[in-house]
């Protein structure tokens, strides 16, 4: 028995934004609120929807494969890459593990950075019960986290940072920026003073660049920012530079 009905998934298809697709991989511009992997809510996930999309588009009989290569937090938007074959899943997972994938995020913060471009390096420890991480000075039980950021645009009230995580830790960008007094807009969990109207946080996975697992050529996937006015302002500002 299928977890979700065909009619239910059909209703969700218009919200699916596929931005890259071939026989091996498929990428989505995830909207805030969409799940990459099942959680306690038992809501639909992007793999649920992608399997339905592939089955309908290509009239595929039987089960459809859709492997989760990496994840984005539920309130985060942007590029998420999935595998259409087990071979692609294995090879792409190896690239992520080897840190050979270039990941670029955009983050909106209210506090002006003291240093406009810097590398942040911290030990992080995860509190599973609270689903939260924090910077720690203890080594035992902690993981090393590294990211680079730089200021790339600003409005009269907010600042847009480009963030390139070197490691991939739980809530890494959120907690490391917050530790420097720059919580991400809307991120109540890490110190921002109020939520965004739509429940999102203003963190967007802007770009992934990697070697194709079969063709061995460089692939660069860019996700357009969400449609709200502040994101659109920043995108226009960046494009005009």
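The values are calculated or read from the model by the stated rules, or taken from the named source; none is laboratory data. Values in this document were obtained by computation on a predicted structure and should not be read as measured data. Glycine gets a Cβ as well: all are built from the backbone with ideal geometry, and neighbour counts include every protein chain shown.
Structural remarks
- Boolean, residue 8 is more than 15 Å from the chain's Cα centre (by Cα) and part of a loop (DSSP other than H, G, I, E, B): no
- Close pairs (7 angstrom Cβ cut-off, 6 or more residues apart or separate chains): free of Cβ contacts under 8 Å to residues at least 12 places away in the same chain in region 33-48, outside any loop (DSSP other than H, G, I, E, B) and surrounded by 14 or more Cβ atoms within 10 Å (Cβ to Cβ) anywhere: 38/45; 43/35; 45/35
- Of all residues making up region 213-222, the number that are over 15 Å from residue 80 (Cα atoms) and surrounded by 15 or more Cβ atoms within 10 Å (Cβ to Cβ): 1
- Residue pairs meeting the criteria (Cβ under 7 Å; at least 6 apart or on separate chains; first touching a residue at least 60 places away in the same chain (Cβ under 8 Å) and on the phi < 0 side of the Ramachandran plot, in region 114-135; second exposed (fewer than 12 other Cβ atoms within 10 Å of the Cβ) and part of a strand (DSSP E or B)): none
- If you go through region 208-230 and keep only what is assigned to a helix (DSSP H, G or I) and touching a strand residue (DSSP E or B) at 6+ places or on another chain (Cβ under 7 Å), you end up with just 230.
- Region 78-106 residues that are surrounded by fewer than 21 Cβ atoms within 10 Å (Cβ to Cβ), paired with ones that are assigned to a helix (DSSP H, G or I) (beta carbon under 9 Å, 6 or more apart): 84/50; 84/54; 100/94; 101/92; 101/95
- Here is the figure for region 23-52: residues that are over 26 Å from residue 201 (Cβ atoms) and in contact with a strand residue (DSSP E or B) (Cβ under 9 Å, 6 or more places away or on another chain) total 2.
- Subset of region 179-205 [surrounded by 22 or more Cβ atoms within 10 Å (Cβ to Cβ) and outside any loop (DSSP other than H, G, I, E, B)]: 184, 203, 204, 205
- Residues (surrounded by 20 or more Cβ atoms within 10 Å (Cβ to Cβ), assigned to a loop (DSSP other than H, G, I, E, B) and in contact with a strand residue (DSSP E or B) (Cβ under 7 Å, 6 or more places away or on another chain)) located in region 67-77: 69, 72, 76
- Whichever residue in region 231-241 is at pLDDT 95 or above and out of contact with any strand residue (DSSP E or B) (no Cβ under 8 Å at 6 or more places or on another chain) and, among such residues, is surrounded by the fewest Cβ atoms within 10 Å (Cβ to Cβ): 232
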